[in-house]
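The values are calculated or read from the model by the stated rules, or taken from the named source; none is laboratory data. All figures in this text were calculated on a predicted structure; none of them were measured in a lab. All Cβ positions, glycine included, derive from the backbone under ideal geometry; neighbour counts span all protein chains shown. What goes into the accessible areas is simple: the full protein's heavy atoms, side chains included, and nothing from ligands, DNA or RNA. Shrake-Rupley method; radii C 1.70, N 1.55, O 1.52, S 1.80 Å.
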Amino acid sequence: MNRAILRISLACLAMFVLLLLNVNYVQAFESSKLAGEPGNIRVFDQQFTYQRGSIIANGDGTDLKIAESRPVKGTDTYRRYYPFGKVYAPVTGYNTIYGNSGIEEAENSLLAGTSPKLTVHNFTALLTGKQKQGATVELTISPAAQQAAYQALLNDGGHQAGVVALNPTTGAVLALASDPTFNPNELTSLNGSTVDRNDKQLLSEPSQPLLNRAISVTFPPGSSFKIVTSSAAFTKGLVKNTASTVYAPTVLTLPNGNHLINDGGEVCGNGRPQIIQAFWMSCNTAFGNLGKVMGAPYLRSTSSRFGMNAPLSIPLPVVPSVMPNKPKYWTDPSLTAFSAIGQFNDEVTPMQEAMFSAAIANSGRLMKPYLVQQVLGPGLSSIESATPTTLSQAVSPTVAGYVKSMMYQVTHNPGGTAALTAGPAQADGINIYGKTGTAQNGVDNGNLDDAVFTCFVPAQPGAPAPIAVGVMVKGGGFGADAAAPIAVAVIKAYEHAHDT
Amino acid sequence: MSLAAEVSQPVPMPQNRRRSELIMLLFALVITFFAYASVGLGLKGAVPPGLPVDLIVFAVAMLAAHLAIRRYAPYADPLILPLAALLNGLGIVMIYRLQESGRNGNPGLQVTVMSTSATSFQVMYAAIGVLCLVAVLVLISEARVLQRYTYTLGAVGLVLLAIPALLPDSLSSVNGAKVWIIVGRFSIQPGEFARLALAVFFAGYLVAKRDVLSLAGRRFLGIDLPRARDLGPVLIAWAASLLILIFETDIGTAALFFGMFVVMLYLATQRTSWLLIGVLLFLFGTFITANLSSHVMERFTVWLHPFAGSNPTGIAYQPVQALEGMAFGGLFGTGLGQGQPYHTPLVQSDFIISAFGEELGLVGLMALLIVFGLLVQRGLRAALAVKDPFAKLLIGGLSFVLALQVFVIVGGVSGLIPLTGVTTPFLSEGGSSLVASWILVGLLIRVSDSARGPAPQPIQDEGMTQVVRAA
């Protein structure tokens with residue numbers, strides 16, 4: 001019987017070895033993953049018992065703390081504090097006892113110190129008896145641009161609006177503002193019922209202050225979409241260069257019998273203007289006709305190269321800007337004429353507007369927008385840092401050059417739609433290239449027009465620092481009047497801070 | 001050298017090692033003492049007020065067990081009692097920690113299903129367990145004595161097993177497991193004792209029938225299959241465990257019961273074919289019940305996809321809490337009293353091992369597993385060394401089922417295998433399991449005493465015929 005007992009002993013040994021391996025797996029190898037499971041009560045409960053990492057805005061070259069955890073007097077807990085209240089709320093989001101949003105959510109595992117990248121740091125802290133600490137997240141945000149964007153939106157008369165500013169050369173997000181917004185300090189109480197009450201209050205407000213209009217809401221792009229339409233026309237060879245003439249009647253009759261007219265029914269040059277003039281005047285008939293001729297699929301593929309029709313993570317989730325390939329009749333040329341001037345089903349975010357300009361400013365190369373410059377461990381050693389990456393080559397450098405010179409005329413030609421609002425910045429040595437948009441919307445275009453402006457300052461030696469800005473103001477009216485001044489304010493503040 | 005010269009040499013007496021046992025037992029008591037104190041220090045920075053009474057009663061019980069072993073089983077393995085005492089002591093410490101959570105101004109949430117005197121009761125059960133151990137040592141002078149009661153204990157075992165199934169739910173069901181006998185404020189789990197009784201029955205039955213059972217029938221794929229008519233007992237055991245599974249919705253007990261039977265059958269006959277048949281029958285039974293019962297199917301879902309969809313807040317809430325707790329403990333644990341084991345439902349019984357994982361860390365959990373492993377190993381050693389085939393079979397089977405029980409519950413809690421509810425020996429809150437575990441320790445000690453003790457001495461020296469003292 002002893003031989004059988006020995007074999008059973010081996011079976012027992014095997015069972016214990018399996019158990020030992022498995023608990024090693026759970027407690028040593030899987031522990032970070034399990035700590036990151038959504039709804040992990042323990043990790044959540046203890047996150048306020050040690051110092052969460054700070055969030056820093058470094059876009060102007062110096063560190064500015066925009067979120068930090070401060071010890072609560074008389075307890076061993078920490079409470080999140082946002083020194084600038086509403087200004088950075090669309091970027092940082094909130095860190096509450098119930099959940100996070102914004103960067104607080106996207107970078108939570110690093111800020112909370114649970115990320116596997118911090119395992120070594122945490123282990124050293126454990127051995128040396130130091131307190132566990134989260135990592136510091138350094139953002140690309142420029143405090144000057146962000147503050148200006150916030151102020152400009154505050155003074156725009158209570159419209160819902162979003163602003164995004166990018167560095168076109170790298171993709172770094174310089175400003176990201178939304179109006180109306182909220183004060184994250186109202187949600188950081190460690191008292192659940194206070195958080196609940198304030199959260200309910202914010203959720204019940206009709207203006208939806210928690211909604212991030214810079215990246216989570218789409219608007220019709222209106223005429224700003226003519227950047228895409230003209231890029232497509234140049235690329236396809238339909239229009240040779242900026243001096244080529246285009247068909248631009250006062251009334252364009254569409255195959256289905258509908259009519260497309262210019263804003264206010266005005267005449268576009270002599271009816272066959274150069275494309276550059278049609279662009280600075282923003283003639284609907286010229287670009288509607290180009291769109292109709294090129295067809296919806298071609299126009300849509302160009303829009304995709306500008307970053308549309310795909311989700312984006314910066315790492316905040318950006319809702320996709322779309323030129324939908326639904327419903328089934330989306331290729332109907334009569335409707336494509338409207339798509340080509342940013343109407344029909346086109347929907348974009350302010351982020352996308354900034355990306356249109358950023359691609360043109362950077363010789364057609366669209367850089368992937370990103371917010372996190374680097375992450376610093378508790379010892380302030382860099383754990384990860386961003387490298388600019390190309391999202392796509394939207395257009396060739398030649399085509400980008402054509403569109404760029406057209407955008408120059410929008411702000412500099414006396415007949416350009418933004419000549420009066422964005423042009424004067426030239427006096428400060430800042431040359432802004434832009435495109436206005438005024439999108440009709442609502443049933444039978446019954447709502448107030450949405451104002452859109454996308455613009456950039458290109459990278460040039462000896463010239464002001466490059467920046468691309470997208471602004472959308474819901475119900476703001478004419479793009480050049482409502483949206484362009486906001487963009488100009490952001491650019492001026494940014495250039496002032498970067499004046500060398 | 002003549003034969004006479006050899007005989008005249010003094011026969012080396014086996015060492016009884018009682019002093020080693022005492023030193024190791026004191027070591028176990030000291031660990032328990034510090035662990036108990038550190039719970040209070042971890043919770044609110046003071047030594048628990050209940051510590052002196054609880055630990056004095058516990059220490060007295062353990063020392064009494066030691067003295068009884070000195071008197072009634074002087075050659076027993078010196079490691080068994082200290083190992084069991086350490087496990088029991090740490091179990092009491094963890095039960096105190098969970099009982100105090102959120103009570104008496106301590107941090108954390110209350111484990112509301114625990115009474116405020118859970119620790120005192122657990123200490124009392126430890127004392128009762130030791131009384132039973134002493135009774136085993138006194139009444140059973142040799143394992144063979146039990147062999148006389150083979151069929152009596154078999155019947156007792158089956159009745160104990162069946163009672164909860166026959167009683168109405170109000171007197172037998174707690175948290176969906178119909179394995180209890182509830183009398184007023186007290187409840188016992190007869191299955192824990194049934195397992196011991198049935199082990200005796202299997203050992204007695206198999207020792208008697210093992211020659212028949214090891215007769216080979218046909219040879220198939222290089223394996224000797226048993227004769228069809230000898231399949232009867234294994235089929236009965238299989239059917240009985242399936243009945244437990246269906247009527248008491250207790251997969252764990254069924255698995256332990258069937259596993260013990262198959263292994264003892266294998267030990268008795270040394271035929272691998274019995275193991276294969278047993279495993280196949282078990283898989284077949286699981287397959288059938290998994291398809292018949294949504295309860296069993298759900299266990300599989302929870303095991304495979306604990307984090308899928310709404311499982312973490314729904315059907316997998318308990319195992320997910322246990323896993324997250326263990327992960328939260330990491331390598332070194334949060335320290336006693338400083339974790340959050342109270343988030344896991346039933347953490348004081350089936351899931352107590354996750355609380356150890358959380359507060360003592362991977363290191364502490366591995367130490368606990370090794371203590372269990374050593375206990376099993378000491379049992380198997382005794383089984384190897386003892387000469388009486390009945391004792392061999394009984395202790396071999398019981399040691400295996402102890403290992404299997406630890407495997408089933410720790411493996412279930414840590415996600416290695418589907419979760420089935422069985423108690424963690426010595427650690428879980430509750431008297432039945434603890435007292436039954438101490439009876440098991442009594443049997444181990446009794447058999448290891450026979451195995452290590454001096455060989456029977458001739459009582460007269462009269463040539464070739466010897467009269468040997470039988471027990």
For the pair B:Val159 and A:Gln201, the simple spin-label estimate (label points 7 Å beyond Cα toward Cβ) gives in nm 7.1 nm
Mean Cβ-within-10 Å packing, highest first, puts peptides A:209-218, A:390-399 in the order A:209-218, A:390-399
So for R0 = 25 Å, FRET eff. of A:Ser396-A:Asn256 from the Cβ-Cβ r, to 0.05, ends up at 0.15
Accessible-area loss of at least 20 Å² (1.4 Å probe, chain alone to full protein assembly) applies in region B:383-398 to B:Leu384, B:Lys392
For peptide B:313-323, the mean count of other chain Cβ atoms within 10 Å per residue Cβ is 2
Within 10 Å of the Cβ of an average residue in B:326-336, the count of other chain Cβ atoms is 5
For region A:34-123, the percent of all C-alpha pairs falling in each 10 Å bin, from 0 up to the bin holding the max distance, is 16, 48, 31, 5
Cross-link reach from A:Lys86 to lysines, straight Cα distance under 17 Å and at least 8 residues apart if same chain, gives A:Lys65
Quick calc, region A:296-365, dipole around Cα centre from Cβ unit charges on Lys, Arg (+) and Asp, Glu (-), nearest 20 debye, gives 220 debye
Per the Cα gyration tensor, region A:355-500 corresponds to an equivalent ellipsoid with semi-axes, largest first in Å, of 29, 20, 17
Projecting the Cα atoms of B:Val441, B:Gly396, B:Ala451 onto the charge dipole of region B:318-457, where Lys and Arg contribute +1 and Asp and Glu -1 at Cβ, the residue farthest towards the positive end is B:Ala451
Output field shielding_mean for A:29-36 (other chain Cβ, 10 Å radius) holds 4
By the mean-Cβ-within-10 Å protection proxy, highest first, B:287-297, B:57-67, A:184-194 rank as B:57-67, A:184-194, B:287-297
Site B:His295, offset 7 angstrom along Cα→Cβ, radius 13 Å on amide nitrogen, limited to region B:165-202, gives B:165-166, B:169, B:172-180
Dividing the surface of the Cα convex hull of region A:307-410 by four yields a projected area in nm² of 8.7 nm²
Among residues of region A:1-19, a drop of 30 Å² or more in 1.4 Å probe accessible area, assembly relative to the chain on its own, occurs for A:Met1, A:Asn2, A:Ala4, A:Ile5, A:Arg7, A:Ile8, A:Cys12, A:Met15, A:Phe16, A:Leu18, A:Leu19
Per residue convex hull volume, Cα only, region A:233-366, in Å³ is 108 Å³
When the charge dipole of region A:340-468 is computed with +1 at the Cβ of Lys and Arg and -1 at the Cβ of Asp and Glu, the Cα pointing farthest to the positive end, of A:Ala386, A:Ala425, A:Cys455, is that of A:Ala386
Treating only Lys and Arg (+1) and Asp and Glu (-1) as charged, each at its beta carbon, one finds that chain B has a dipole about its Cα centre, in Debye to the nearest 20, of 800 debye
The farthest towards the positive end of the charge dipole of region A:143-246, of the residues A:Leu176, A:Val239, A:Asn191, given +1 on Cβ of Lys and Arg and -1 on Cβ of Asp and Glu, is A:Val239
Losing no less than 50 Å² of accessible area (probe 1.4 Å) relative to the isolated chain, the residues of region A:39-68 are A:Ile41, A:Arg42
quick note, the protein assembly as shown, DSSP beta bridge pairs, % antiparallel (nearest 5) is 90 percent
B:Lys178 neighbourhood, Cβ < 14 Å, K/R = +1, D/E = -1, net charge -3
Pseudo-spin-label distance A:Thr331 to B:Leu243, built 7 Å along Cα→Cβ, given in nm, is 7.2 nm
Net charge (Lys, Arg +1; Asp, Glu -1) of residues whose beta-carbon lies under 10 Å from that of A:Pro220, A:Pro220 excluded, is -4
In Å², rounded to a whole number, the accessible area per residue of region B:320-454 with probe 1.4 Å is 21 Å²
Per the 1/(1 + (r/R0)^6) rule, R0 = 22 Å and r from the Cβ atoms of B:Leu26 and B:Ser187, FRET efficiency to 0.05 is 0.05
Loop-resident trypsin sites (Lys or Arg not before Pro) in region A:24-116 with no more than 10 other Cβ atoms inside 10 Å, DSSP not H/G/I/E/B, are A:Lys73
Taking a ≥ b ≥ c as the square roots of the Cα gyration tensor eigenvalues, with a/c under 1.5 meaning rounded and otherwise prolate when a/b beats b/c or oblate if not, chain B comes out oblate
Buried accessible area between A and B, both sides, 1.4 Å probe, in Å² rounded to 100, is 3700 Å²
Gyration tensor (Cα only) of region A:120-243 to equivalent ellipsoid, semi-axes in Å sorted down, yields 40, 26, 13
Per residue, accessible area of region A:367-500 with a 1.4 Å probe, heavy atoms of protein chains only, in Å², comes to 40 Å²
Carbon and sulfur atoms account, in whole percent of the 1.4 Å probe accessible area of chain B, for 67 percent
Here the Kirkwood hydrodynamic radius of the protein assembly as shown, Cα-based and in Å, equals 33.7 Å
So the compactness index of chain A, its C-alpha Rg divided by 2.2 N^0.38 Å, takes the value 1.14
Asserting the computed 222 nm helical MRE of the protein assembly as shown (DSSP H runs at least 4 long, -39500 (n - 2.57) per run, divided by residue count, to nearest 500) equals -16000 deg cm²/dmol
If R0 = 41 Å, then B:Leu276 and B:Val57, at their Cβ-Cβ distance, give a FRET efficiency to the nearest 0.05 of 0.25
Taking a ≥ b ≥ c as the square roots of the Cα gyration tensor eigenvalues, with a/c under 1.5 meaning rounded and otherwise prolate when a/b beats b/c or oblate if not, region A:377-419 comes out oblate
Region A:283-330: relative contact order from alpha carbon pairs under 8 Å, six or more residues apart, as a whole percent, is 24 percent
Measuring from its Cα centre, chain A shows a charge dipole (+1 at each Lys and Arg Cβ, -1 at each Asp and Glu Cβ) which, in debye to the nearest 20, is 1340 debye
Mean accessible area per residue over region A:99-150 (1.4 angstrom probe, all protein chains present, square angstrom) is 39 Å²
Phi-derived 3J(HN,Hα) across region A:59-71 with the Karplus relation (6.51, -1.76, 1.60, θ = phi - 60°), rounded Hz, x for Gly and Pro, is x, 9, x, 10, 6, 10, 6, 10, 7, 8, 9, 10, x
Relative contact order in percent for chain B (Cα pairs under 8 Å, 6+ apart) equals 21 percent
Of the accessible area of chain A, computed with a 1.4 Å probe and all protein chains kept, carbon and sulfur make up a percent value of 55 percent
Burial-style ranking of B:339-352, B:442-455, average other-beta-carbon count within 10 Å with highest first, yields B:339-352, B:442-455
